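For reference, the structure discussed in these notes is given below.
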Amino acid sequence: MKHKYLRNVATLCLTAEKCIGCGRCAEVCPHSVFVISGEKAVIKDINSCMECGACAMNCPVKAISVNASVGCVAAIIKGWFTGSEPSCDCSGDGECC
Amino acid sequence: MKMSEKGTCCCAGCCEEVLVTPYDEKDMWIAGKIRTQAGIVPVVSTEICFKDRLGAWKVRWGIGRMNYRVSPGLYAVGTPDESSPVLVSANYKLTFDLLRKELTGLDCWILILDTKGVNVWCAAGKGTFGTAELINRIAKTGLSQIVSHRRLILPQLGAVGVSAHEVTRQTGFSVLYGPVRAKDIKTYVASGYVATEEMRTVKFTVRDRLVLTPVEMVQAIKISLSVFGVMYLINLFAARPFGLKDFIAYIGAVITGTVLTPLLLPLIPGRAFAFKGALTGLIWTAAYVFHNNWLAPESLLLGIGYLLALPSISAYLAMNFTGSSTYTSFSGVTKEMKIALPIIISSLLIGVVLLLIYRLA
Ligand code: SF4
Ligand code: SF4
């Protein structure tokens, strides 16, 4: 069963003119947000984006921007109070954070 | 003991044994050592022993989980040579165990980055599993003398912290992002480094969620101890003191928020975690209030108080689980919190006030 989270919130943005169609973004995205269609990357499913930042990090021409941060309540609250970037101090296991 | 004669030092006299990776021979998971151009590399076993299992269990229950790590550096599995693949991973012992137990029969190298004992995904998010550490670790281990190819296999989730083209530019090594799960690595290597869509997709199965719940519950119960303390103090003055039933009602709400909601996650209606938690919390509370007949006129305040307070607790705990989930975004959680927190706090406050009036008056 595919999990669904809130819609229309992701800050992911693709500048198609810059894209050289290398396919890295589609390769690294853990939620299959991108597809490569005719030499260019296309955002197929923006609502599945978890803003991890992997695509932007690995795009060789900086065609992707995303406000990458952790989606974690404790970290966000801490961020609100300290005014800093949210960061999690967990060391959970498996794939979590 | 497995040894490889490949890359043994050439001449007598120059053979001071250099360790590529510091290790402790007494560790059960060290199976031997291997000589390479760059020095001695420890060979790791692909067996998981009792001690590893015990360690994993403790970590899952939140006992000493900040200090479960292996030394960063290069390790060998089987009898790798200069053409064997190089897998990159984190120095969290649990991650390391999960990886090595899937590598039986494979000859490969494992490059462990110093992620301060944190798993790949979290470490990548923080940047400790990152471009700089990878480049630094390649240099420190002398990897380019040990293998003749220039290919690294990273877990896909590491992509959050590593910029592949940057690594290639600075070290000449190209980065392949492998499967998300360690169990797919053998198939991936055997197929000539092709990761299927299935291998690339992050799932969040019932099992994945189940192993995360103990830590959530232990943390919630730690905080609850102070709640019990306050209940005890109130009992000193209360006309109608808290009893076992209150305890059950409260613990039920905690379990609903930390265990039940995460487990049933995709089955519960709604998208926001707080909503899901509030819903299951409300079902629990309503059932228990009804069972105890707390909506009868003489205990109406108690019934309503719990109906307001307990679902808010479940909602908050469920919302906390976003931190463990693998699909919630920062923007999403922020939005959810901005809406949910004021409701949770006011509902909790009103509920608690009603309870206090009932108990003290
Ligand atoms: S930020 Fe992460 S989840 Fe979102 S599109 Fe990029 S890689 Fe995919
Ligand atoms: S990584 Fe960048 S250049 Fe490559 S396909 Fe994606 S957007 Fe285009």
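The values are calculated or read from the model by the stated rules, or taken from the named source; none is laboratory data. Here the structure is a predicted model, which means the values were calculated and not measured. Methodologically, a virtual Cβ is constructed for each residue, glycine included, from the backbone with ideal geometry; neighbour enumeration extends over all protein chains shown. We work out accessible area using only protein heavy atoms, side chains counted, and drop any ligands, DNA or RNA first. Shrake-Rupley method; radii C 1.70, N 1.55, O 1.52, S 1.80 Å.
Does region A:22-40 contain any residue that is in contact with a strand residue (DSSP E or B) (Cβ under 8 Å, 6 or more places away or on another chain), within 30 Å of B:A56 (Cα to Cα) and at pLDDT 85 or above?
Step one: filter region A:22-40 for residues in contact with a strand residue (DSSP E or B) (Cβ under 8 Å, 6 or more places away or on another chain), giving A:23, A:25-28, A:33-36.
Filter once more, keeping what is within 30 Å of B:A56 (Cα to Cα): A:28.
Then keep just the ones that are at pLDDT 85 or above; that gives A:28.
Among the residues of region A:22-40, at least one is in contact with a strand residue (DSSP E or B) (Cβ under 8 Å, 6 or more places away or on another chain), within 30 Å of B:A56 (Cα to Cα) and at pLDDT 85 or above, which makes the answer yes.
Test A:A63 against the criterion of being closer than 18 Å to B:V180 by Cα, within 11 Å of ligand 2 (Cβ to nearest atom) and either open to solvent by 20 Å² or more (accessible area, probe 1.4 Å) or modelled with pLDDT of 85 or more (or both), and give yes or no.
Values: closer than 18 Å to B:V180 by Cα: no; within 11 Å of ligand 2 (Cβ to nearest atom): yes; either open to solvent by 20 Å² or more (accessible area, probe 1.4 Å) or modelled with pLDDT of 85 or more (or both): yes.
Here the answer is no, as A:A63 does not meet what is asked.
A quick yes/no check of all residues on (1) assigned to a helix (DSSP H, G or I); (2) in contact with a His (Cβ under 9 Å, 6 or more places away or on another chain); (3) open to solvent by 10 Å² or more (accessible area, probe 1.4 Å); (4) touching a residue at least 24 places away in the same chain (Cβ under 8 Å):
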{"residue": "B:L307", "(1), (2), (3), (4)": "yes, no, yes, yes"}
{"residue": "B:A315", "(1), (2), (3), (4)": "yes, no, no, yes"}
{"residue": "B:M319", "(1), (2), (3), (4)": "yes, no, no, yes"}
{"residue": "B:T322", "(1), (2), (3), (4)": "yes, no, no, yes"}
{"residue": "B:T326", "(1), (2), (3), (4)": "no, yes, no, yes"}
{"residue": "B:K335", "(1), (2), (3), (4)": "yes, no, yes, no"}
{"residue": "B:I339", "(1), (2), (3), (4)": "yes, no, yes, yes"}
{"residue": "B:S347", "(1), (2), (3), (4)": "yes, no, yes, yes"}
(request) Filter region A:1-24 down to residues that are at the interface with chain B (Cβ under 8 Å from one of its Cβ atoms), more than 18 Å from B:A274 (Cβ to Cβ) and β-branched (V, I, T), then give me how many there are. (result) 1
(request) State the number of residues belonging to region B:184-205 that are under 19 Å from the mean Cα position of the chain (by Cα), surrounded by 13 or more Cβ atoms within 10 Å (Cβ to Cβ) and part of a loop (DSSP other than H, G, I, E, B). (result) 4
(message) For region B:293-305, which positions are open to solvent by 70 Å² or more (accessible area, probe 1.4 Å) and of a type in the set (S, T, N, Q)?
(response) B:N293
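Please find, within region A:27-40, the residue that is farthest from the other protein chains (Cβ to nearest Cβ) out of those that are more than 9 Å from ligand 1 (Cβ to nearest atom) and on the phi < 0 side of the Ramachandran plot.
Step one: list which residues in region A:27-40 are more than 9 Å from ligand 1 (Cβ to nearest atom), which gives A:27, A:35-40.
In the following step, the residues that additionally are on the phi < 0 side of the Ramachandran plot were identified as A:27, A:35-37, A:40.
On the way: A:E27: 6, A:V35: 11, A:I36: 13, A:S37: 16, A:K40: 18 Å.
Going through the qualifying residues, I end up with A:K40.
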(message) I'm checking my understanding of the structure. Among residues of region A:22-38 that are within 9 Å of ligand 2 (Cβ to nearest atom) and assigned to a loop (DSSP other than H, G, I, E, B), which one is most open to solvent (accessible area, probe 1.4 Å)?
(response) A:C22
(request) Using the structure shown, decide if A:C19 is modelled with pLDDT under 85, open to solvent by less than 60 Å² (accessible area, probe 1.4 Å) and more than 11 Å from ligand 1 (Cβ to nearest atom). (result) no
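Out of curiosity, is B:E5 open to solvent by 50 Å² or more (accessible area, probe 1.4 Å), touching a strand residue (DSSP E or B) at 6+ places or on another chain (Cβ under 9 Å) and either modelled with pLDDT of 50 or more or not in a loop (DSSP other than H, G, I, E, B) (or both)? Quick ask: steps written out before the conclusion?
Values: open to solvent by 50 Å² or more (accessible area, probe 1.4 Å): yes; touching a strand residue (DSSP E or B) at 6+ places or on another chain (Cβ under 9 Å): yes; either modelled with pLDDT of 50 or more or not in a loop (DSSP other than H, G, I, E, B) (or both): no.
No, not satisfied.
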(message) Quick check on B:D208: is it open to solvent by 30 Å² or more (accessible area, probe 1.4 Å), over 26 Å from B:R35 (Cβ atoms), acidic (D, E) and in contact (Cβ under 8 Å) with a residue 40 or more places away in the chain?
(response) yes
(message) Residue pairs, Cβ under 7 Å, 6 or more apart or interchain, first in region B:39-60 and open to solvent by less than 60 Å² (accessible area, probe 1.4 Å), second assigned to a helix (DSSP H, G or I) and of a type in the set (K, R). List them.
(response) B:V44/B:R100; B:T46/B:R100; B:G55/B:K93
(request) Of the numbered conditions (1) open to solvent by less than 40 Å² (accessible area, probe 1.4 Å); (2) hydrophobic (A, V, I, L, M, F, W, C); (3) assigned to a helix (DSSP H, G or I); (4) farther than 18 Å from B:F321 by Cβ, B:F242 fails exactly one; give the number of that condition. (result) (3)
